[in-house]
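Below is one structure, written out as structure tokens; the observations come after it.
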Amino acid sequence: MHVPVDNPLETKWSDRPREHSDNGIAWIRHGAGRPVVLIHGVGLRAESMAGLLDALAADHEVRAFDLPGHGHSVLGDVGDSLAGYTDAIVGAMASIRSPAIVVGHSMGAMVALDMAIRHPGRCGAVIALNAIFRRTADAATAVRRRAAALSSTAVSDPAPTLSRWFGDDADSVAAKACRHWLESVDPRAYKAAYTVFAGEDGPDDVGLSSLACPALFVTGAAEPNSTPEMSRAMGARAPRGRAAVITGAAHMMPMTHDEPTVAAIREFLGREMEVTP
């Protein structure tokens, strides 16, 4: 099991205590009330969702999970498919008795949507942040080339990733936290997860049209890869779907624009699920 050292930056993204399931998945728990599950993206860890965790814990029991092989979670036998990652998180949700509001970011959004489609009893609502849907041919080629170039034994230079995520803000505190996580993650686990991420193209139309729970698709207006058009397309296909776009945000929206992201989530829950925002 690969456990990174604590984040040296004293911020809200610093390392927090974990609980662990029998299948080796770790999570941070905070608050009380209706359950919320948070799932981060490739190369990151539960702390990347700290802004959402802290805000939503005011009136929910929030669990922010580490993906398999990330943070304090073991990689386990997830295989080479998205379903393996989803089922590992579902297995760790056994102690959550009622359907959860499942919020995922990037690859975590893939997991959240896959969970809502294949394990509908676990999801009272699904919220996909910066989710991809039908990449262009050029984008698909680029992400698969990046996956193929990754080493399973050596940490990759995080600079190109941080540049894509943060642009001119690659020296911000949020970017420095992401750099630390990217430099700390087990290379084998990172390559495995990124390869699955690169091979996915978002939920298919049948899956989206089968979603029984309310679904919200949120992305940043400045996001070049999981674009506003993608979120709107998924929202239009889901029977109870909606889309929202956060002004000025890009890929790391849950960290850089956590307050408007939380506001969009609360507005959605208040409207769709009669949960007091």
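The values are calculated or read from the model by the stated rules, or taken from the named source; none is laboratory data. Bear in mind that the values here come from a model prediction, so they are computed numbers and not experimental data. FYI the Cβ positions are ideal-geometry reconstructions off the backbone, even for glycines, and counts take in every protein chain you see.
Taking region 190-235 as the range and being among the polar types (S, T, N, Q) and closer than 24 Å to S156 by Cβ as the test, the residues that pass are T195, N225, S226. For region 136-168, residues that are part of a helix (DSSP H, G or I), β-branched (V, I, T) and surrounded by fewer than 15 Cβ atoms within 10 Å (Cβ to Cβ) total 1. For V218, indicate whether it is among the β-branched types (V, I, T) and crowded, with 21+ Cβ neighbours inside 10 Å. In short, yes.
Among the residues of region 37-69, those that are part of a strand (DSSP E or B) and more than 13 Å from the chain's Cα centre (by Cα) comprise H60, E61, V62. Taking the conditions (1) among the polar types (S, T, N, Q); (2) under 24 Å from G202 (Cα atoms); (3) free of Cβ contacts under 8 Å to residues at least 60 places away in the same chain in turn, S48 satisfies each one other than (3).
With respect to the conditions (1) closer than 26 Å to A264 by Cβ; (2) in a loop (DSSP other than H, G, I, E, B), D171 falls short on a single one, namely (1).
For region 70-106, a residue qualifies if it is crowded, with 24+ Cβ neighbours inside 10 Å and assigned to a loop (DSSP other than H, G, I, E, B), and the qualifying residues are H70, G71, S73, S106. Of everything in region 267-277 that's of a type outside the set (G, A, S) and in a helix (DSSP H, G or I), which residue is surrounded by the most Cβ atoms within 10 Å (Cβ to Cβ)? Only one residue fits best here, namely L269.
Quick grid of which residues meet (1) in a helix (DSSP H, G or I); (2) within 20 Å of P35 (Cβ to Cβ):
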| residue | (1), (2) |
| --- | --- |
| T219 | no, no |
| S226 | no, no |
| E229 | yes, no |
| A236 | yes, no |
| A243 | no, no |
| H251 | no, no |
| M255 | yes, no |
| V262 | yes, yes |
| I265 | yes, yes |
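Scanning region 174-215 for residues that are of a type outside the set (A, V, I, L, M) and not in a helix (DSSP H, G or I) yields D186, E200, D201, G202, P203, D204, S210, C213, P214. Here L56 passes the criteria (1) at pLDDT 95 or above; (2) touching a helix residue (DSSP H, G or I) at 6+ places or on another chain (Cβ under 6 Å) except the one numbered (2).
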